[in-house]
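Working notes, beginning with the structure itself.
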Amino acid sequence: AQTIHQWPVAEIKAVGSPLSLGCTIKGKSSPNLYWYWQATGGTLQQLFYSITVGQVESVVQLNLSASRPKDDQFILSTEKLLLSHSGFYLCAWSRGLGANTGQLYFGEGSKLTVL
Amino acid sequence: GDQVEQSPSALSLHEGTGSALRCNFTTTMRAVQWFRKNSRGSLINLFYLASGTKENGRLKSAFDSKERYSTLHIRDAQLEDSGTYFCAAEGGSSGNKLIFGIGTLLSVKP
């Protein structure tokens with residue numbers, strides 16, 4: 001069975017400090033990987049997606065970056081946090097069905113508070 | 001841009017009854033997914049449909065791409081069904097980016 005693990009569960013960070021959120025998928029080779037973000041009271045927005053190692057596509061510009069250093073790992077980061085980065089970050093994977101995303105499976109999320 | 005209009009925003013049901021949630025799309029979508037938010041705030045996938053209907057226990061979902069809507073039917077509602085449900089669709093000008101609805105807060109009461 002496939003499992004998806006996100007870390008950290010929660011972070012409180014200062015404005016201007018760096019951030020790194022991680023996501024690991026086990027039990028599935030070559031998954032499509034995604035980062036989503038939800039501001040408090042907002043709708044879920046897709047930030048990045050990756051269909052293969054080393055390749056990441058940006059969907060929404062939020063002064064964040066993402067990398068896929070390994071087939072099963074997806075990293076979200078920034079060197080300087082903004083207050084607006086606060087929210088709930090979700091990593092997800094899918095098998096991908098041609099042009100379609102396919103059924104999406106989410107991790108448990110990382111709650112970020114920027115002060 | 002492409003829109004996903006989810007309704008109702010809140011729904012109250014008595015145990016044992018049923019109802020439907022609906023998502024309307026402003027453009028033709030290729031596929032729809034339904035999720036339920038868990039206690040941590042993450043999303044559990046209930047259904048993925050590219051067409052037709054699917055059923056799982058007391059839940060049934062339908063997707064009509066041509067008519068631009070999807071529904072999630074809940075029958076014989078139980079207290080543990082309470083929570084927030086979301087639809088998400090892909091297609092139109094959004095490409096393979098999922099566009100989420102605002103969610104439906106379901107409350108099941110004794």
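The table that follows gives values for the structure above.
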read-out	value
Exercise: per-residue mean of other protein chain Cβ atoms within 10 Å, A:101-110	6
10 Å Cβ neighbours from other chains, averaged over peptide B:99-109	2
Net +/- balance of residues flanking A:GLY109 in space, Cβ distance below 12 Å, scoring K and R +1, D and E -1	+1
Burial ordering of B:TYR69, A:TYR105, A:TYR34, fewest other beta-carbon atoms within 10 Å first	B:TYR69, A:TYR105, A:TYR34
Candidates A:ASN63, A:ASN100, A:ASN32: whichever shows maximal mean-square fluctuation once chain A is modelled as a Gaussian network with Cα springs under 10 Å	A:ASN100
Around A:ILE51: net Lys/Arg minus Asp/Glu count, Cβ-Cβ under 15 Å	+1
Normalised alpha carbon radius of gyration of region B:60-110 [divisor 2.2 N^0.38 Å]	1.38
About the Cα centre, charge dipole magnitude for chain A (Lys/Arg +1, Asp/Glu -1 at Cβ), debye	100 debye
For region A:61-115, alpha-carbon Rg and Dmax in angstrom	13.4, 41
Two-decimal Rg/Rh across region B:4-109, once Rg and the Kirkwood Rh are taken from alpha-carbon atoms	0.96
Environment charge at A:ASN32 (Cβ cut-off 11 Å; Lys +1, Arg +1, Asp -1, Glu -1)	+2
Cα shape, region A:3-114, gyration tensor, a/c 1.5 rule	prolate
Unit charges on C-beta of K, R, D, E only; dipole of region B:4-109, Debye	180 debye
Peptide A:60-71 - average C-beta neighbours from other chains (10 Å radius)	0
Gaussian network model of chain B, Cα within-10 Å springs - most flexible of B:SER93, B:SER39, B:SER12	B:SER39
Which of A:LYS111, A:LYS80, B:LYS54, B:LYS97 has the fewest Cβ neighbours within 10 Å, and the rest in rising order	A:LYS80, B:LYS54, A:LYS111, B:LYS97
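Only the coordinates and a few stated rules stand behind these numbers; no lab work does. Because the structure is a prediction, the values reported are computed rather than measured. When we count neighbours, we look across all protein chains shown, and the Cβ atoms used for this are built from the backbone with ideal geometry, even at glycine.
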